[in-house]
Structures are given as C-alpha cells and as structure tokens.
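Working notes for the structure below.
The values are calculated or read from the model by the stated rules, or taken from the named source; none is laboratory data. As the structure is a computational prediction, the values presented were derived from the model and not from experiment. Here the Cβ is made from the backbone with ideal geometry for all residues, glycine too, and neighbour counts use every protein chain on show. What goes into the accessible areas is simple: the full protein's heavy atoms, side chains included, and nothing from ligands, DNA or RNA. Shrake-Rupley method; radii C 1.70, N 1.55, O 1.52, S 1.80 Å.
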Amino acid sequence: MAAELLTACIGSAPFAFALERLASFGSYAWNEIKLILGVDDELRKLQRTMFMVQDLVDSVECSPLRFTRGSNAWKTWFEDIKKLSYDADALLDDISLHLSTFGSVGTAERDEVRKIVLSSTTLTLPHDINVLYKKLELLAKEMERLLMIESMKNRFSIVSPIHDFISTSSLIDENNVIGREAEQLACVINLLANEPEMGNFSVMSLVGMAGIGKTTLAKLVYNDDLVNSNFQKKMWVTVSMNFDLIKITKYMIEALTGNSCTLSDLNSVQVLLQESIRGFKFLLVLDDCWTENNDDWDEFYLPLRYGAKGSKIIVTTRSAKVSSSVRSYKTHSLQHLSDKHCWDLMKRRMLFSVEEQENLKSIGKEIAKKCKGLPLAAKTLGSLLSNSGSSEDQWLCILNSKLWNLPEDKIFPALMLSFLHLPPPLQKCFAYCSLFPKNHEFEVEELVLLWMAEGFIRPIEGMRLEDIGSKYFDDLYLRSFFEQDTNARNETVYKMHDLIHDMSQMVSSDICFQVIDMSDDYPLFGNTCHLSMLRDSLNPIHLKASEKNERLRTFLMINKNGADGGLLDNDFFSHLRSLRVLDLTRIGLSEFTISSSKPLKFLRYLNLSENKISRVPNSICHLLVLQTLKLKNCTRITALPEDTKNLSKLRHLDLDIKEQLVHMPPNFGRLTELQALSAFIVGDKKENGIAQISNMNSLRGSLCIKNMDQVTDVADAIEAKLHEKLFLDNLELQWVDLGNVSQGSLEQAQNLQDSVLANLRPHQNLKELAIKKYCGRFYPTWLSDPSRKITRIHLAGLKYCDSLPPLGQLPSLEFFCISNLPVLELIDENFYGTEKFPSLESFEVENMDKLINWEFTNTVDGMPRLQNFRIHGCPSLTNVPINLRSHPNLNISDCPNLAMVLP
C-alpha cells in the first residue's frame, strides 16, 4: 500500500524512477518508509501538495509556455521545479541506499531497524521531507500567480497543449518542389503494382522525420497523371495526433461527396463510408499518422474492405512503428536533400535574385548547409533571407544564429510535436543525448548503460534493464530521432540529425550543459545536473570542482584526441558527491583515487578507459551501487582490488582480463549480477578457483576460462555449473601445456583433464566453443550431442588427441577449425557422424604435421553447404575426399604431398 501511495503522491518522472528503484528492495523496505514518514496525516499532506503541483505542471508541460512563448518568469519556474524534482530524487536515492544496507537482514526487528534509520547521522529523513514539502508548496503558489498573470494577458489558453493539428491540402505547386523526382517515380510504380492485399486494398507508407517532405511527396503522387487515371475515387485526410475515428471517417465521406457529414456515431459514418466506396477502386492518403495501436487500425479498415480490388492507402508518418501497425506492404524512407537542392529551394522563396551578388550567394550556400537536407528548414530560411533583403549583415546574423532563435520559426514547433509525443522515460533519454557532440556515433549498448546509471529506465518485472533500455533506443530510432549510417570500417552506426540534436539541446537546456574545448576547469553551474566536456586538444587538463556543483549527476569527458598529464584536484570528488556517471576517458591520468571516508555513494557508472593508471584503488570498492566499471585499454593494470567482491551491484566490467590480469581477486564469485566478463582466470585456491563462478548465472556473451589446469578436483568443475549459464553464447576453455613430466604424472594429469572436461558440460544452447591446449586424450560425449545448437567449434593445441569426435552430427555447426593436433594421423568416417555436417559452411585445417590420411567413401553427401575449405601446413597429408578435391573455394598451402595428387 505504501508503494502505491507514494507513487501517487509524487507523479513527475524523476520521482517515479526513484520510487521504482526503491520498490526493488521489496515490501520490507516500503514498510520501513511508511514507519519513518509517521502518521497518515503527514502522508496525506504530502500527497495533496504533490497532486496539486503535478496537475499544474501537466497543464503547462506541453503548452507554448514550456518552450516557445513563455516569459522569463515561466522559464525560471520550470528550472526551479525541475531542480526540486532532482532534489527529491536524490532524497529517495539516499533512502534507497540506506535501506539497502539492512533491508536483506531477515532477523532484524522492525523497531530496531526504525531506530537505526532515525538515529542515522547520514539520513535526516523527517527534516528533509519537511523541507521538500515547503518548497513544493511555495512553487505551487508561485505557479498560481503566474497562471493568473497569463490569464490577464489573454494571449492564448495556457492550459492547451502545443497545437497538434495542422490540416493539409492535396493541392501542390510542383515548381516549388526540388529533388524528389526519383522517389516520386518509385512510389507511383509501387502504387500501381499488384501487391498483397488486406481485403481489397493495400497500404504504402512514407516515413521520415518532421520537415523532410513526406506530405509533399504524397501530394506529388496523389496528383500524378498515371495515378489519376488508375483510381476512380480519391480521398485526402489529415489525421494528426488525435486519432478520432468518427471524425476521420466523416472527413473521408466529405472528400468523396463534397458535402458536409452531419452524422455523429461510429456505426452510421462507417456504414455510409462503406456504401460510398462499394465497388470503386479508391486511393486514400492519410497524412501525419501517429497512432501505433493495432486495434485502432483494425477498426478503421472495416468499411474499406468493400472497395474494388487494387485500392490503395498512402500513410505518411514520422514513425516506422506506425508503418508496421498499418501493415504496409511497402515503406519508403525519405532521404535528405543535398545542400545544392536546399540552396535551390531557398532561392525559390526569395523575391529577388542573388545569382549576381557573390557575397550573398556565398553566405546563402553556407546557410543552406544548416538545413542538413531538411526541406522545411530550407523553406523557412529562404523566407527569412527574402525578408532580410540584400543586407549582408542580416544574412550573416542568420548564418550565425541558432535556428530556434530565428523569428517566425516553423522548424522546431514541427519537430517538438515528435518530442512531446514521446513517453516521459523516452523524453529524458532523448534529452540526455544533448551531452554528445553533433555527428556523434552512438553506441547503443553504451548509451543504455548511461541511461541505466541515471535512473531513466523504468523497471519491468521479468526484464533486464539493459533490454528495456535497448527497446527505448529502438523506439527513438523508429520514431526518426536517430538515423542509421555506415562508418569508415563499414559498420552500422547511429547518428542524430543536426536539427534533432539542436532540439535535444533546446529541451534540456535547463539541466544539461556542454563545455567545448576548455583547457582547464569548467564553469560553476549550480543548476546543471548533466555536464559534458568536449575536447579536441592534446594539452594537459586539470579538473577542479566547487560546492556550486553539488547537483551534478553526470560528468562526461569526450576527447577526440587523448591528452597527457591529466590531473584531478585533491578535493575534486568532495564537491561532486551527487554523481551517478563519471567518465574520464583519455585524459592522461596516471593515478586515480577516491576517498574511502567520503565516497561517491551514488556513482553507478565509472569509465577510466585509455588512461595510464597502473592500479585501481581499493577505495573504489566502497562504491556500493556501481553498475558499470570500464577500464578498457588501461594496459598497465595487472590486478583488480582485493575487495572487488564488495561491488555487489556490478553488472558490466569492461577490461581485457584475458590479457591484462594474472589472477582474479578473492571471492570474485560474489558478483552474481555481473553480466559482461571477458575471462575468468582460475587460481589454485578455493577463493579464486573455478567454483567461484558457480552462482554467476547472469553472465552472457563471451567467456574465456583460463588456466583450466589449475582445476585439480572434478567436484570443482561440477560446482562451476556451466549448464546454468544460460545466457553464454561463446565459451573458450584454455589449459596450459604440461611441459616435461614423468609418464606417471602425465597419465594422472590426462585422466584428471578428461574428467574435468567431461563434467563441465555447458548449457545446450551454447553457440560457439573453443578448446585450447587440452591435454586429455578423449572428447566429452556432450561435445557431439546432436541436440546441441552449437554453430562454431575451434580445437587447437590438443597435444594427445589422436582422433576427432563425430561432429558431423551437429545439425547447426557452420564453422569448424582444427589446428596443432600433433598426434592426429587419420580423419576417419566416424568424424562425419550420421548427418555428415548438414550446415557446415567453413572448414579449416592448420598445422597438422602428422596428418596423413582423410577417409570418406561417400562422395556426394558430405558437407553439402561447404563454401570455404582451407588446408595449411599439413606436409604429410596425401589425400582428401573426392567431393572436396574440386571444391571451387579450396585453398591449399604448405601441403606438398597433397598438391601432387590434386587436379
């Protein structure tokens, strides 16, 4: 009950995120909060105040007062209410952290726990809540006065949202359209083609960000001569945000009949529409669609099934999710115009010629680049330049101004609708992206980790925060806030259009701040919660902080070039105690320390990658809520702190453990929430043995287990419980060569390694497996179990294995490589098993000195899908199966005896 009550009390997004984090501690913690807060009257008092403030905030949140037409008093009020919400979030974080220290103690008496909390010197909860209450009450009264002033101005309704319905017409002046000829032709061809239908009609979508020209392209297609000759009835309807089915259907009837429709219930209008199109081949354009609700569209389509076969619907939308919801057979994603096309479009808006005025022409072309391919921006800027006449100063002013500060701006109101349509968590995630520079290549996993650390991701029972965050990003991408691109390495990356980035800065200007190329310390912005420093300098940086930075939650260093000699003031962290995210990548740090007496107790994300630090201080293990620790390319680090086991909330450890570390810290297995771990290095003691990974069942992705020779007890291999690591896709098992040992010791070691490998038994869905320097003689039966889903196997350095397992019966195996098996002389038919490698696409054999013969009598069935076949360094091999000898992608090198018998 307490959870629901407090959630109802504190309705704004930052409060809600904090409360959901508190809820993760369970009902016991909630009961304690209720006891701490005291009598119900106090709870009700806080509840009434929060309801009032939230209702007032909601009435203005999406109004022109919020971003465009509000007075300075309103903007200041919004800054203060957001500041207060962050303070409340910090208070709840403090409660959460404090309760977590004893919330799991099942034997503690409630009265004793309450006494501990209330007597704490670090948590003055009743006082802090009282202060919060008074501040909220004061802001509520201020807002009432501001509303009264706005009413007196009588300029507009302050409680209405930004106008979200702008009716469009199908009429078009084609002389003012540039650069869409190819897309128009493609749309017309698709529109006239015979496509799969739903009933008698099919749907085509035009998708792209605001202002890119979706409506214009729809008009071109709608008025195309070929289109006109192929459809008997045509309708153009503006849908917009409010999907009012009755109203939209009435618009369609009016478009068909030319008369006003006075019907008012759904049944009547749908029946009338059904009869109006019955038997006719129709074309319907639904401009500016937003709803992603499948049920809405199913109901909308009901009367349209009575049109003639070949009827078509064109939907324009900013969201690929809408395109999916309307079940489009074809989706056209509009591309940006070139800078030249933007300049041509700008010139057509002017009432005078600039071709003979080289100075204006040069400035105009630079202004065209600000459009970043957006036709709406080109038209807006063209009109502004036209109004500015031939004044070079005014043209330069437009060139150097932020687009949202220009008069009669039509660009950002259009873009703002997309932002206001986002759910609150996505609004926060999008605004946070303003910390990154323009043209930044976003890594989805990295961005999600930052969102997690900031508390932006709302938990959903049964789902990982990382998966929810990835869905957040997908939603933003599908709604055109991000664009796919390809980098120099031909990898898919995500970027943000410059105007979308400008919008993110605009909506976050009161809490996010970006500092560019400051060589020393940074400004003291008391209201800033999230700060990034963008540097393109090799000069050393000396970072300082001040008490005025007490609210700072994010400190991001984004370095284009790595610096040398980076320094942190001794009291740097004492003034940044609210930090959730700290990124000091590539600033040349040679040492890093955190005070254990005043730790960064809220820090969830720490990135020290690409620095010169040689050790990670043990004081870092006091960061009890740390989720992500990145030490990538810190090549001088050879060990993790002894108390790493205390980082019980750690989920991601980004460190090249496989190459850098020589041992794991003791009791590392206590990090049961850890998901990303590149390697585990087996030690010779229980506190760092392989059994430490027993309960680390959240591990996913790839894991290399090194020094497997240190496993001296089969019971430890069983205790590792690899079969319970259900999220591991890639497993590598590494032993160390036994070297020169006596025959008796060798046999003993071989028997042990045979048993250890047989009892590791990873889970059935493992995709990739590598076994290296295994000194046993036999393969485990689980390796060739046909029920396994394994796709890649690499066997390397298996010194005593004189045969190969029957891997041909693995139905999903696509890649197989064997190398350095020094006693293997024969590949026999047993290797093919019963299925004969049905999915194998790549087979590599390397450095097999003793391999002589390769038997396989069936010349047809073996490896039917093989694409790449490589043999290297097999000097004794004399033959391969007949069906492989003439393989088109056969690659043989350093195999002299084989070369003589092949055609």
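Values computed for the structure shown
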item: Gyration tensor verdict on the stretch 297-402 (Cα atoms; rounded if a/c is under 1.5, prolate if a/b is larger than b/c, oblate otherwise); result: prolate
item: For the stretch 469-501 versus the stretch 326-374, the gap between their alpha-carbon centres in whole angstrom; result: 23
item: Asp643 - accessible surface, heavy atoms, 1.4 Å probe, Å² rounded to 10; result: 50
item: Sequence of Glu687, Glu142, Glu466 when ordered by accessible area, the most exposed leading, probe 1.4 angstrom; result: Glu687, Glu142, Glu466
item: Accessible-area order (highest first, 1.4 angstrom probe) of the listed residues Phe352, Phe837; result: Phe352, Phe837
item: Highest average packing first - 283-291, 758-766, Cβ atoms within 10 Å; result: 283-291, 758-766
item: Gyration tensor verdict on the stretch 769-816 (Cα atoms; rounded if a/c is under 1.5, prolate if a/b is larger than b/c, oblate otherwise); result: prolate
item: Local electrostatic count, Ser390, Cβ distance below 14 Å [Lys/Arg +1, Asp/Glu -1]; result: -3
item: Charge sum, other residues only, whose C-beta stays under 12 Å from Phe201's C-beta, Lys/Arg counted +1 and Asp/Glu -1; result: +4
item: Under 5 Å, built H, 5+ apart or other chain: amide partners of Val285; result: Met235, Trp236, Val237, Ile314
item: Karplus (6.51, -1.76, 1.60) ³J(HN,Hα), θ = phi - 60°, over the stretch 863-874, in Hz, Gly and Pro reported as x; result: 6, x, 9, 4, 10, 10, 9, 10, 10, 9, x, 10
item: Rounded, prolate or oblate (a/c below 1.5 giving rounded, otherwise prolate when a/b exceeds b/c) for the stretch 701-852 by Cα gyration tensor; result: oblate
item: Projected-area mean, the stretch 807-863, by convex hull of Cα positions, square nanometres; result: 3.7
